[in-house]
Amino acid sequence: MTKTLAVLGSTGSIGVQALEVAELMGFEVVALTANSRVDIIEEQIRKFSPRIAAVADEKAASELKIKVADTSTKVLSGARGVEECARCGADTVLNSIVGIAGLAPTLAAIECGSNIALANKETLVAGGKIVMNAAEEKGVAILPVDSEHSAIFQSLQGCRGKNQIKRLILTASGGPFFGKSRDYLETVTLEQALKHPNWSMGAKITIDSATMMNKGLELIEAAWLFGMKAADIDIVVHRQSIVHSLVEYVDNSVIAQLGLPDMRIPIQYALTYPDRFVSPVSQLDLAKAATLTFEKPDYETFACINHCRRAFEEGGLYPAAVNAANEKANELFRNGKIRFLDIPKAVEAAFDCVKSVSHHTLEDVFETDKLVRKETERLFV
Ligand code: NDP
Ligand code: MG
């Protein structure tokens, strides 16, 4: 159980909710980090008085240093500063940084023996083997924050061995474009793509949900977290986001976790595991939810899911490559530089950018990331 906590990416959608949980649970917040939103992190510093804080953007960090000069919080800057916060030695480091920028901090926190509450799924997609090996070596737990993975983790409590699991079933909301054709998707706008039916989240993951790349990333995340083959992970569209995911056992008994779509439940469980505490999240009223539906995803229209499955099966640097292509294409779409359907095309094109390798290092992951981003821009802008 967590007593001291660091929140990396504290100014984002998950970070803010994590601090809400921390306040409620009475955790001591020892480190906070952001990229550039100085006003929000200043407020958080004044409220939680962490020992250290870091802002990745150098200019923003200089601004913050001046703003909080009257406090006892030491302010660091740049990616190195963020890593130093990850090394603060807290019981739990919650990583809710968006994108591959979260990878080095995750490894730094593992190195220091802190348990990881992981929201930053790109970390496991790009560096799955490296991260899981490091965690095992150090004996630290990686506790899922992502709602589907938390649901699986909760449904696995009491499981007496991996040989008893038949398959994992990830639920997907389907995003704002569920049921739409490729033709329709040709002309969708950023504004339409940002309208998620059930969850309020950061911009990058909201677009990932619209392309359903998010479910592909989650498939890889689940494969690493629970040591499963991609073939043993299924996806089902569940529009209401009440059933957060399921585990099917060898006797065909299926155990699921349900609740209202509110990230404070999985965040709190990751921070208090194996205990449970009262939460401010409302009770689930099943009669009010009334209808729960389940449908097969349209893998042809939302091709990103298949690209991710293929990348995990091919292994090596392919998952890092599809993640990089998606991060870049997602950013280009949000900046109005490419069209919505260029995102799955870019993800598919990433396969041609990397060579199959049997062994890879962290440097190889970062090199692949850089190369694929460059190639994505060259091909699509
Ligand atoms: P947000 O965009 O809301 O927040 C991202 C956070 O990361 C912010 O604190 C941001 O700082 C910081 N950040 C951005 N770039 C960098 C960088 N280069 N270096 C250091 N810090 C950086 O994202 P979300 O909270 O929505 O998502 C965070 C992660 O959690 C993602 O990996 C996402 O997939 C995952 N996740 C999110 C869910 C959700 O409900 N939102 C659900 C499940 C998973 P600043 O504010 O200063 O820009
Ligand atoms: Mg999720």
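The values are calculated or read from the model by the stated rules, or taken from the named source; none is laboratory data. In this text the structure is predicted, and so the values were computed from the model without any measurement. Because the Cβ atoms are built from the backbone with ideal geometry, glycine has one as well, and the counts that use them run over all protein chains shown. We work out accessible area using only protein heavy atoms, side chains counted, and drop any ligands, DNA or RNA first. Shrake-Rupley method; radii C 1.70, N 1.55, O 1.52, S 1.80 Å.
Annotation note: of Glu300, Glu348, the sole residue that is touching a residue at least 60 places away in the same chain (Cβ under 8 Å) and either surrounded by fewer than 18 Cβ atoms within 10 Å (Cβ to Cβ) or in a loop (DSSP other than H, G, I, E, B) (or both) is Glu300. Checking each residue in the range 142-165 for being surrounded by 15 or more Cβ atoms within 10 Å (Cβ to Cβ) and more than 16 Å from ligand 2 (Cβ to nearest atom) picks out Leu156, Ile165. For the range 19-71, the candidate set comprises residues that are acidic (Asp, Glu) and not in a helix (DSSP H, G or I); within that set, the residue that is farthest from ligand 2 (Cβ to nearest atom) is Asp70. So which residues in the range 100-115 are surrounded by 24 or more Cβ atoms within 10 Å (Cβ to Cβ) and within 13 Å of ligand 1 (Cβ to nearest atom)? Gly102, Leu103, Pro105, Thr106 - these are the residues of the range 100-115 that are surrounded by 24 or more Cβ atoms within 10 Å (Cβ to Cβ) and within 13 Å of ligand 1 (Cβ to nearest atom).
From the list Val38, Val125, the one residue that fits, being within 15 Å of ligand 1 (Cβ to nearest atom) and under 30 Å from Tyr318 (Cβ atoms), is Val125. Is it the case that the range 192-215 has a residue that's away from ligand 1 (no atom under 16 Å from the Cβ), assigned to a loop (DSSP other than H, G, I, E, B), under 25 Å from Lys296 (Cβ atoms) and modelled with pLDDT of 95 or more? No, the range 192-215 has no match at all.
Just one of the listed residues (Val29, Val55, Val7, Val16) is open to solvent by less than 10 Å² (accessible area, probe 1.4 Å) and out of contact with any Gly (no Cβ under 9 Å at 6 or more places or on another chain), and it is Val29.
In the range 75-92 there is at least one residue that is in a helix (DSSP H, G or I), on the phi > 0 side of the Ramachandran plot and open to solvent by less than 20 Å² (accessible area, probe 1.4 Å).
Return yes or no: is Val281 buried (at least 23 other Cβ atoms within 10 Å of the Cβ) and either in contact with a helix residue (DSSP H, G or I) (Cβ under 7 Å, 6 or more places away or on another chain) or among the basic types (Lys, Arg) (or both)?
No, not satisfied.
Taking the criterion of being of a type in the set (Asp, Glu) and more than 21 Å from Glu186 (Cα to Cα), the residues of the range 327-381 that qualify are Asp352, Glu363, Asp364, Glu367, Asp369, Glu375.
Please verify whether Gly127 is out of contact with any Cys (no Cβ under 7 Å at 6 or more places or on another chain) and crowded, with 22+ Cβ neighbours inside 10 Å, treating the condition exactly as stated. So Gly127 passes the test. Checking each residue in the range 280-328 for being in contact with a Cys (Cβ under 7 Å, 6 or more places away or on another chain) and β-branched (Val, Ile, Thr) picks out only Val322. Of the numbered criteria (1) assigned to a loop (DSSP other than H, G, I, E, B); (2) among the polar types (S, T, N, Q); (3) farther than 30 Å from Ile265 by Cβ, the one Thr368 fails is (1).
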